[in-house]
Amino acid sequence: MIISTGTASGKSLAYLTPAVAACLDGGTILYLTPTKALAADQLRSLRELRITQLRAACFDGDTPFEERTWVRQHANYVLTNPDMLHRSILPRHAQWSSFFRRLRMIVVDECHGYRGVFGSHVAQILRRLRRVCARYGSRPTFLLASATASEPGAFAMRLTGLEMDEVTVDASPKGATTIALWEPPLTELRGEGGAPVRRTATAEAADLLADLVLADVRTLAFVRSRRGAETVALTARAKLADVAFSLSGRFPHPPGAAEQPITGHDTPRTPQDEPLTSQDSPATGLDGPAATPGRHAKSLDGHATVPDGHATGQGGHATGQGGEASGQVPESSLNWALPDPSPHPDWSDLPNKIAAYRAGYLAEDRRLLEKALRAGTLMGLATTNALELGVDVSGLDAVLIAGWPGTRASLWQQAGRAGRDGQDALAVLIARDDPLDTYLVHHPQALFGRPVEAIVLDPDNPYVLGPHLCAAAAEIPLTEDDLPIFGDTTSTVLDDLVAQGLLRRRPTGWFWTRRERATDLADIRGGGGAPIQVVESSTGRLLGSVDEPSAHTTVHTGAVYLHQGETFLVELLDLEAGVALVSGANPDFTTFARDITDISILATQRSQPLGAGTLHFGEVEVTRQVVSYLKRRLQSGEMLGDEPLDLPPRTLRTRAVWWTLPASAVAPLAEAGIDLGGAAHAAEHASIGLLPLFATCDRWDIGGVSTELHADTGLLTVFVYDGHEGGAGFAERGYARAADWLTATREAITSCECERGCPSCIQSPKCGNGNEPLHKRGAVRLLDTLLSPQSTTTG
Ligand SMILES: [Zn+2]
Ligand SMILES: [Zn+2]
């Protein structure tokens, strides 16, 4: 069964009731969540039930070894994560035999986080789990809890491999929420190619946050990056300090207050349009914290569920084994002081009504924040999605969402935080300079009264399936009877594994006979390859790590590297040693890597006519080579140079959707003076920006290539491919929804008021060609040709 309903609709109660009942009846429960923090919170609420027969315990990377035996032998409600299941519980299933024998129910909580490649891994882990259960004679019920999703039953079936019932009706009592769609104005600033630049979503969020707090409205601001959240909080506090300053002029000062400059200590004054807020500026290409996981990255719980941190180009799992890694103690000091609760107004305290929240806070600090919010001593909180991982702050009046959170599902989840005790609430979506954001604030119908997007995964990806077949064989040798559990492609993949010498075929089945641990073959949250360590050369301090594919673009020699708000210059990237040496610097320029991408078609799996053209889906090989980087002046965007780089090409075998147009269809456009290459390129960028509307990916999960004439097709061709080895299901979804997807793409371009293209429509923050050439009007004409009924375009 899958329950797919909104925030605070009572999903936990729905699985807790039967789960606890099963424990009281002598059964055991396995509870899975994507993160350790969530498991810890669940454990807390289970203990609050005060049922002595309920022996709940977490089993994760933080569980001390001396406690593990107790958990295995005595706990009847075990909370863990997929990483731990994969690496510890399943390989050592014999030690868990009494637990597995009595296993009645498997709760898969927050399962909307299991999308793309990570989701595909989890799907195979759950199949291994089913096989182990069968070994011990148990057939547990799977109960999945998800945020609202389209076709949750179909998703749940892909995830578990079982027929699933779905519950989607939310009958919980709620007040009305007013949703505002907010588009920041264009500024005088000019970006790439002289394109106009909008005021940043974070600057607008800071203004709104300060205004709402002044109006006594309890407000939560969601910001995509940690640095962005801190900027929003600091800027809003500075605004409150200004207000406090003018008020304190009109009202008598409390004694002593005048000696202290009000905007002093930690409230730097930030003019809203200056570059401190430029983390929204796509030109830096470094909007997320995931590329710079930081010293405490291991104590963060792996942002598996957050669509943030896209700078890795791999869906933001740069922290790697997050859910599993043992935690260092994060710093405990909060970045705010509790406001003075005294009834005499001390205006200098006003800024302390706003704070920033980030992942890595200790549980006590999180509880302190919750308490202050509930009591109203704290009125405004700026946060990344980290908040979803362990702070209970439902019961606010307003929610600000700075930038499209990636999916309608997360939008409703974040908006659902507002609404205290059934009262009415406000949620504001503030658009960033991005085609999808622009499209949405101009097309409210794309948000309301529509099913949310489907959660997409591809368990058949051979790069995912292979390692899990090895792990399964190591757990219990595989037999012919097991093959249907793992899907249609299993026997082909098994043949490959035998040929590679990873498995041995014997008359009774397939065996793992190697000394290594089979589970090491699957890197379930990783982007593949050993990560590059980012080290400060003068001190040897490890700042963080970047996965190998994104290292080429983010920490190449000469790159400006941002880490927790500090700026560094990369002195040297040594791929062989796996190290990037950096030093603190304050350059007045940004850098941007340029690459050459080649794509070749390996196999076409499906094709269908589309307007005057043809749509295809299949396997491709993408070769990318970072060849140089651009230096641009920070303020003006002025080009300072193009420096060559010597980096090896990287190849990726993946799946793609592509469309072609015949020469007869594009000839009239060329005659009308349209630059076909620029038009195709612009259409590609915008379509990459819009695909996340139909599949739960973000634009950093996918890539594109466009060309006026492709060697394999001989035609004008635009490719959009999955940025993960073997594919992740995103391109496949694009193929299935092509007409809707390309129609939305066309509308995103036409509804932007710029003349020749800007980041809100056809410019891409990750373009390897520096957004050249681009032709806005031409892109619309191409898409028209592709979307019009065929009879009108063939001649
Ligand atoms: Zn535009
Ligand atoms: Zn491009």
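The values are calculated or read from the model by the stated rules, or taken from the named source; none is laboratory data. Worth saying up front: this structure is predicted, and the values here are computed from it rather than measured. Every residue, glycine among them, receives a Cβ derived from its backbone with ideal geometry; neighbour counts consider all protein chains shown. Heads up: the accessible areas ignore ligands, DNA and RNA and are worked out on the full protein's heavy atoms, side chains in. Shrake-Rupley method; radii C 1.70, N 1.55, O 1.52, S 1.80 Å.
What dipole magnitude, in Debye to the nearest 20, does region 410-465 give about its Cα centre under +1 on Lys/Arg Cβ and -1 on Asp/Glu Cβ?
220 debye
In debye, nearest 20, what is the charge dipole magnitude of region 497-592 about its Cα centre with +1 on Lys and Arg Cβ and -1 on Asp and Glu Cβ, if you could check?
Its charge dipole is roughly 980 debye.
Using mean Cβ contacts within 10 Å as the protection proxy, how do 453-463, 639-649 order, highest first? Before the final figure, lay out each step's value.
Numbers: 453-463: 23.2, 639-649: 12.8.
In decreasing order of mean packing, 453-463, 639-649 become 453-463, 639-649.
Can you tell me the FRET efficiency between D25 and R92 if r is taken as the Cβ-Cβ distance and R0 is 30 Å, rounded to the nearest 0.05? Please list the in-between numbers first.
On the way: r = 26 Å, r/R0 = 0.88.
My answer for the efficiency is 0.70.
What FRET efficiency do you get for F65 and A667 if R0 is 56 Å and r is their Cβ-Cβ distance, rounded to the nearest 0.05?
Details: r = 71 Å, r/R0 = 1.27.
E(calc), rounded to 0.05, equals 0.20.
Give me the lysines in straight-line cross-link reach of K776: C-alpha distance below 30 Å, same-chain residues under 8 apart excluded.
Partners within reach: K631, K766.
If packing is taken as the mean number of other Cβ atoms within 10 Å per residue, what is the order of 8-18, 62-72, 545-555, 731-741, highest first?
Details: 8-18: 16.4, 62-72: 12.9, 545-555: 24.5, 731-741: 20.8.
Answer by packing, highest mean first, reads 545-555, 731-741, 8-18, 62-72.
With all protein chains present, how much of the accessible area of region 42-198 (probe radius 1.4 Å) comes from carbon and sulfur, to the nearest whole percent?
Values: 3510 of 6980 Å².
That fraction is 50 percent.
On average, how much accessible surface per residue is there in region 581-719, in Å², for a 1.4 Å probe, leaving out ligands, DNA and RNA?
Details: 5440 Å² over 139 residues.
Ligands and nucleic acids excluded, the figure is 39 Å² per residue.
Size of the dipole of region 536-656 about the Cα centre, Lys and Arg at +1 and Asp and Glu at -1 on the beta carbon, nothing else charged, in debye to 20? Intermediate results must be reported in sequence, preceding the final value.
Numbers: 10 positive and 16 negative charges, 103 e Å.
Roughly 500 debye, rounded to the nearest 20.
Would you mind getting me the FRET efficiency between L640 and E48? Use the beta-carbon distance for r and R0 = 41 Å, nearest 0.05. Provide the component values of the computation, followed by the final result.
Working: r = 59 Å, r/R0 = 1.44.
Computed FRET efficiency for L640 and E48 comes out at 0.10.
Beyond 21 Å between alpha-carbons counts as too far, so tell me which of K11/K174; K36/K174; K174/K353; K11/K36 fall in that bin. Don't jump to the answer; show the numbers that get you there.
Details: K11/K174 15 Å; K36/K174 30 Å; K174/K353 27 Å; K11/K36 19 Å.
Too far apart for the 21 Å limit: K36/K174; K174/K353.
Ratio of region 1-108's C-alpha Rg to 2.2 N^0.38 Å, to two decimals? Please report the intermediate quantities before stating the final value.
Values: Rg = 13.3 Å, N = 108, 2.2 N^0.38 = 13.0 Å.
With N residues counted in region 1-108, Rg over 2.2 N^0.38 Å equals 1.02.
Starting from the amide H of T557, placed 1.01 Å from N in the peptide plane, find each other amide H under 5 Å away whose residue is 5 or more places distant or on another chain.
Excluding prolines and chain starts, which carry no amide H, the hits are L573.
Just report the Cα centroid separation between region 418-490 and region 90-141, whole Å.
If you average the Cα positions of each part, the centres end up 19 Å apart.
Please pull out the direction-averaged projected area of region 605-729, using the convex hull of its alpha-carbon atoms, in nm² to one decimal place.
If you wrap the Cα atoms of region 605-729 in a convex hull and average its projections, you get 10.2 nm².
Sorted by average packing, counted as other Cβ atoms within 10 angstrom per residue and highest first, what order do 80-87, 665-672 take? Please report the intermediate quantities before stating the final value.
On the way: 80-87: 23.9, 665-672: 15.5.
Ranking, from highest mean packing down: 80-87, 665-672.
Would you mind computing, in nm to one decimal, how far apart the modelled labels at H74 and N586 are, each placed 7 Å from Cα along Cα→Cβ?
5.8 nm
Multiply the residue gap between I476 and T17 by 0.36 nm, knock off their C-alpha separation, and tell me the result in nm, one decimal place.
Extra length available between I476 and T17 comes to 161.9 nm.
Return one whole number: the accessible area per residue of region 133-232 in Å², for a 1.4 Å probe. Walk me through the numbers before you get to the answer.
Details: 4450 Å² over 100 residues.
That works out to 45 Å² for each residue.
I want to check the label-to-label distance for L709 and D496. Put each point 7 Å from Cα in the C-beta direction and report it in nm to one decimal.
3.5 nm
Under a point spin-label approximation (7 Å from Cα along Cα-to-Cβ), what is the T177-F511 distance to one decimal in nm?
Here the answer is 5.6 nm between the modelled labels.
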